[in-house]
1. In square angstrom, what is the accessible area per residue of the stretch 1-136 with a 1.4 angstrom probe?
2. As I understand it, the dipole of the chain uses +1 on the Cβ of Lys and Arg and -1 on the Cβ of Asp and Glu, about the Cα centre. Which of Pro539, Ile551, Val440 lies farthest toward its positive end?
3. Mind listing the long-range amide H neighbours of Tyr639? Cut-off is under 5 Å, sequence gap 5 or more, other chains count too, H placed in the peptide plane at 1.01 Å from N.
4. Can you work out the Karplus-derived ³J(HN,Hα) for every residue in the stretch 603-615? Use 6.51 cos²θ - 1.76 cosθ + 1.60 with θ = phi - 60°, whole Hz, and x for glycine or proline.
5. Which one, Asn350, Val493, Ala364, is farthest towards the positive end of the dipole of the chain when Lys and Arg carry +1 and Asp and Glu -1 on their Cβ?
6. Could you pull out the GluC sites (Glu not before Pro) across the stretch 71-137 that fall in loop regions by DSSP (anything but H, G, I, E, B) with no more than 16 other Cβ atoms inside 10 Å?
7. Compute, for the stretch 377-464, the length of the dipole vector about the Cα centre, with Cβ point charges of +1 (Lys, Arg) and -1 (Asp, Glu) only. Units Debye, rounded to 20.
8. Going from the alpha-carbon gyration tensor of the stretch 561-608, what semi-axes, largest first and in whole Å, does one get by taking the root of 5 times each eigenvalue?
Amino acid sequence: MSQTVETGKERDRPWIFRTYAGHSTASESNKLYRGNLAKGQTGLSVAFDLPTQTGYDPDDMLARGEVGKVGVPVTHLGDMRTLFHEIPLERMNTSMTINATAPWLLSLYIAAADGQGADRKLLSGTTQNDIIKEYLSRGTYVFPPAPSLKLTTDVIAWTYSNMPKWNPMNVCSYHLQEAGATPVQELSFALATAVAILDSMKASGAIPEEDFPKAVGRISFFVNAGMRFVTEMCKMRAFTELWDEICRDRYGVEDEKYRRFRYGVQVNSLGLTEQQPENNVYRILVEMLAVVLSKNARARAVQLPAWNEALGLPRPFDQQWSLRMQQIMAYETDLLDYADIFDGSVEITNKVEALKEQAREELARIDAMGGAVAAVDSSYMKRQLVESNSARLAAIEAGDQVVVGVNRWTETEASPLAAGEDGAILTVPEHVEAEAIEKVKAWRDARDDAAVATALSELKSAAQEGRNIMEPSIAAAKAGVTTGEWGRMLREVFGEYRAPTGVGQSARDDAGDLGAVRADVNDVSENLGRRLKFLVGKPGLDGHSNGAEQIAVRARDCGMEVVYEGIRLTPAQIVNAAVEEDVHVIGLSILSGSHLALVRDVMDRLRAAGADDIPVVVGGIIPDEDAVQLKAMGVAAVYTPKDFQLTDIMADVVRIVGAKGARAA
């Protein structure tokens, strides 16, 4: 007999069930959303494509190959209306993973809701709107930190007055862990970000002093949970207690309800494996336990990756499988019948206290630097993440951190899950980009140009004068302004920014035997007449730089001269750098699925520049059939997540350069 029956106590309400979704077009994504809602999903989580996230239209040069790949393209109000067709926004809880362009996408959402006749005060959901972590991990920043912080606080201040049920910011530690953060770094870096935002809000005076606690109460978090189940669960309890402490002691928030740590979660994708991908189902389940078992630190919303996300874009069935996992946990178990089952545990209490103490020390260190923004500008946070990720990868390579199917028990049967013509993933058709370009041209032709010009002029004035950007952005959305036009206007005012890479000089030999590779680098360098030079490039808009950073670090560890200038480079810039720097090999890292288009462009430009004798290697989430096409273009080698031994990759790169040099001789 359950506790519910014995005590007459009602079960706790389950968390909001989400799946992170969006691809190809607004209409295709709308079908996916309505299908997921019919299956029992209780909230939407919108994935936008990279051009939308970074403020470009589909016909911009930088958008080439990226349209609709990692999310849905939303270029104007028409797209936003299509995205939520037959979905009543007044009754929906919508999470939008959007940061640099958060004010714009929220403005489009509001304009679409106005078109439905919705009451803005009833709109509920979240804009991620955490720009600081973009400089550290995900890479979809656009503007420098100061104006970016201003845009963040504009959204917070505007929604406080106009959309009281909306969470204007998710302080996002999810991508910090994906970039290699330890639990202590995830705690401290995320809380330091929240402090920076709240300090900025308080200093702005945009919210009356007496109302500030309510604004604090609308800040939420978006976290990650990895495989170390006990540690991750203790991390969540530490988050709740530290946030309560900060709100009370730093900001004087007296009402406990405004000090609650409210968070959503997507569990760890970094640990999902291409090898034996069926094992990922168990990983996802274990990771979910860390954020639902402890009632005092239970997530408000959960979205789970699919088992095949290390292979490519999940299909509707794959997302359904992850949704059912949540529903079974919430409705078939007795989890929601009980109070917190960890209260009183000495072991749990000790671990939580240890995490809190270490996080306080790191927070004090960041505070002494001048806060989170200063710690970004100085590259301190980024360096810490790169070093932590290097240590994590070194442990996997050495076998000290066991990953089943990767570095232990690699013998396997062929997986029937990965069989079939589609390769167990959803592929975005190539015609999507061409159609999106034609549609945005048609949209521009059909609108009132004078109204657009007026709206853009008012947007520019607001940005220059430091006024809140939201009202002119909503007016621009309704006038027909596009995402690229909004982004271009603010780039003119604020400028653009290149964040520190965090890749410094290294000299470590604790991730396997580097001696042999160093000797080979020396031999090849002697034959070449100078030090072997390796250009690591990130073409396109893909900001997930973790892999490129680790390749750059390991190449330096092995004695190569490395050229790495960070993310968001055009194929033309990469080829120009390769020629000007006179490099011996080019490594391209592309995780957005746009590898075919971008690599083809690089190879064509190398030929045009007379530099097609420079070997090119490519890394990313690349299906086997695409790897065949890349090699047919002239690519020397293709590496995917299954190639986790970075030193072996380095040895391969040295061999490729050496063979090329021998042929030239």
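1. 32 Å²
2. My answer, from the dipole projection, is Val440.
3. Val618, Gly619, Gly620
4. My calculation for the stretch 603-615 gives 5, 4, 6, 5, 4, 5, 8, x, 10, 6, 7, 7, x Hz in order.
5. Of the candidates, Val493 comes out farthest on the positive side.
6. Glu86
7. My answer is approximately 480 debye.
8. Calculated on Cα positions only, the semi-axes equal 17, 14, 9 Å.
The values are calculated or read from the model by the stated rules, or taken from the named source; none is laboratory data. Remember, predicted model here, so these are calculated numbers, not experimental data. With ideal geometry, Cβ positions are generated from the backbone for all residues, glycine too; neighbour counts draw on all protein chains shown. The accessibility values were calculated without ligands, DNA or RNA, using every heavy atom of the protein model including side chains. Shrake-Rupley method; radii C 1.70, N 1.55, O 1.52, S 1.80 Å.
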